[in-house]
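Once you've had a glance at the structure underneath, I'll fire off some questions.
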Amino acid sequence: MINNKKIIVVLPAYNAAKTLRRTFEEIPFDVVDEVIITDDFSNDETLSIANKLGIQHIVSHTKNKGYGANQKSCYKKALELKADIIVMLHPDYQYTPKLIPAMCTLVANDLYDVVLGSRILGKGALKGGMPLYKYISNRILTLIQNLLMNQKLSEYHTGYRCFSAGILQKINFENNSDDFVFDNEILAQCCFLKARIGEISCPAKYFEEASSINFKRSITYGLGVLRVSISYFLQKTKLFSFSLFSKP
C-alpha cells in the first residue's frame with residue numbers, strides 16, 4: 001500500500017511463458033498488495049508458470065478473445081477485489097516493474113487519475129530497440145491525436161498504465177473493442193472525463209520474446225486509433241454522439 005491505498009497489478013497474458021517469471025519477480029511487493037493474471041487461452045506454459053509462482057488470482061479464458069478482452073477481465077477482477085489503484089503491466093518484460101512505486105505514488109497522492117509509462121520521454125524507445133517504422137508511426141499518430149483531442153501527451157500507445165479505481169468505475173470499458181485499439185479507447189474515455197493524466201519516462205526493451213504486433217495488424221491498429229480520435233473530436237463538438245463515451 002501507499003497512503004493506505006490497495007494496489008493491484010494486473011497482467012494481461014498471452015503466450016508469456018518465457019517472460020512471466022522475470023516480470024513477476026521484479027514486482028515490488030513492498031507496495032503491491034495483489035497480482036491478477038488473465039490468460040487469453042495461451043498455447044504455451046503460461047498458466048502452469050503462473051500457478052508455480054503462486055499467483056493467487058488467475059483468470060483463464062476458454063478461448064482467445066483478444067488483447068482488449070483480456071484487459072476487461074483484468075480490470076473487472078481488480079475492481080471486484082476492491083483495488084484503489086490498478087497497474088496494467090504487460091508480462092512480456094518489455095516494461096520494467098521497478099517503476100510501479102513511482103507511478104502509484106502519483107495516483108495515491110491524488111496528483112493524477114492516470115499515469116502512463118512513456119517510452120518516448122527520455123529518448124529511450126529507439127535505444128531500447130523499437131523498430132524505426134513503429135517509432136515514426138507512434139510520433140505521427142500521437143501528433144494527430146493531440147491535435148484532435150486537445151491533449152499534450154508524449155504517446156498514447158504504451159502498455160504500461162496506472163489507474164485510480166475511481167476513474168475506471170466512471171468508464172464504460174466493457175463496451176470497448178476486444179482488440180488492440182482498446183488501449184486508445186480507454187485513454188480517450190479518460191480524456192473525455194477530463195481525467196488528470198501524467199507521464200513518467202519508461203525504458204522499454206525489444207527482444208525476441210517480447211510481444212509485438214506485425215505490420216498488417218499495426219496498420220489496422222493505426223486506422224482504429226484515427227477513428228477513436230475523430231470520434232472524440234466530433235463528440236466534443238457535439239456534432240455526433242458515440243456510445244464509446246456513454247456512462248457505464
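Considering region 36-51 alone, what residues qualify as being surrounded by fewer than 23 Cβ atoms within 10 Å (Cβ to Cβ) and either β-branched (Val, Ile, Thr) or in a loop (DSSP other than H, G, I, E, B) (or both)?
PHE41, SER42, ASN43, ASP44, GLU45, ILE49
LYS76 versus (1) open to solvent by 60 Å² or more (accessible area, probe 1.4 Å); (2) of a type outside the set (Asp, Glu); (3) more than 16 Å from the chain's Cα centre (by Cα): which is the lone unmet condition?
(3)
If GLY54 satisfies every condition in (1) buried (at least 20 other Cβ atoms within 10 Å of the Cβ); (2) over 14 Å from the mean Cα position of the chain (by Cα) but one, which is the exception?
Result: GLY54 passes all but (1).
Among the helices (runs of 4 or more DSSP H) confined wholly to region 56-149, which include 2 or more residues that are aromatic (Phe, Trp, Tyr)?
The qualifying helices (runs of 4 or more DSSP H) are 67-80, 132-149.
Which numbered condition trips up SER177, out of (1) farther than 21 Å from ILE86 by Cβ; (2) out of contact with any strand residue (DSSP E or B) (no Cβ under 9 Å at 6 or more places or on another chain)?
Checking SER177 against (1) farther than 21 Å from ILE86 by Cβ; (2) out of contact with any strand residue (DSSP E or B) (no Cβ under 9 Å at 6 or more places or on another chain), the one that fails is (1).
Within region 1-16, which residues are surrounded by fewer than 23 Cβ atoms within 10 Å (Cβ to Cβ) and not basic (Lys, Arg)?
Listed by number, the residues that qualify are MET1, ILE2, ASN3, ASN4, TYR14, ASN15.
Also, quick follow-up: For region 234-248, enumerate the residues that are more than 17 Å from PHE182 (Cβ to Cβ) and buried (at least 16 other Cβ atoms within 10 Å of the Cβ).
GLN235
Given the conditions (1) open to solvent by less than 20 Å² (accessible area, probe 1.4 Å); (2) closer than 22 Å to CYS104 by Cα, and given that THR19 satisfies all but one, which numbered condition is not satisfied?
Exception for THR19: condition (2).
Restricting the search to region 150-203, which residues are assigned to a loop (DSSP other than H, G, I, E, B) and open to solvent by 50 Å² or more (accessible area, probe 1.4 Å)?
If the condition is that a residue be assigned to a loop (DSSP other than H, G, I, E, B) and open to solvent by 50 Å² or more (accessible area, probe 1.4 Å), then ASN150, GLN151, LYS152, LYS170, ASP178, ASP179, PHE180, LEU193, LYS194, ARG196, PRO203 are the ones that fit.
Considering each of TYR112, TYR93 in turn, give the residue that is in contact with a Lys or Arg (Cβ under 6 Å, 6 or more places away or on another chain) and at pLDDT below 95.
Only one candidate qualifies: TYR93.
The values are calculated or read from the model by the stated rules, or taken from the named source; none is laboratory data. Just so it is clear, the structure is predicted and the values come from calculations on it, not from any experiment. We place every Cβ from the backbone using ideal geometry, glycine too, and count neighbours over all the protein chains shown. We work out accessible area using only protein heavy atoms, side chains counted, and drop any ligands, DNA or RNA first. Shrake-Rupley method; radii C 1.70, N 1.55, O 1.52, S 1.80 Å.
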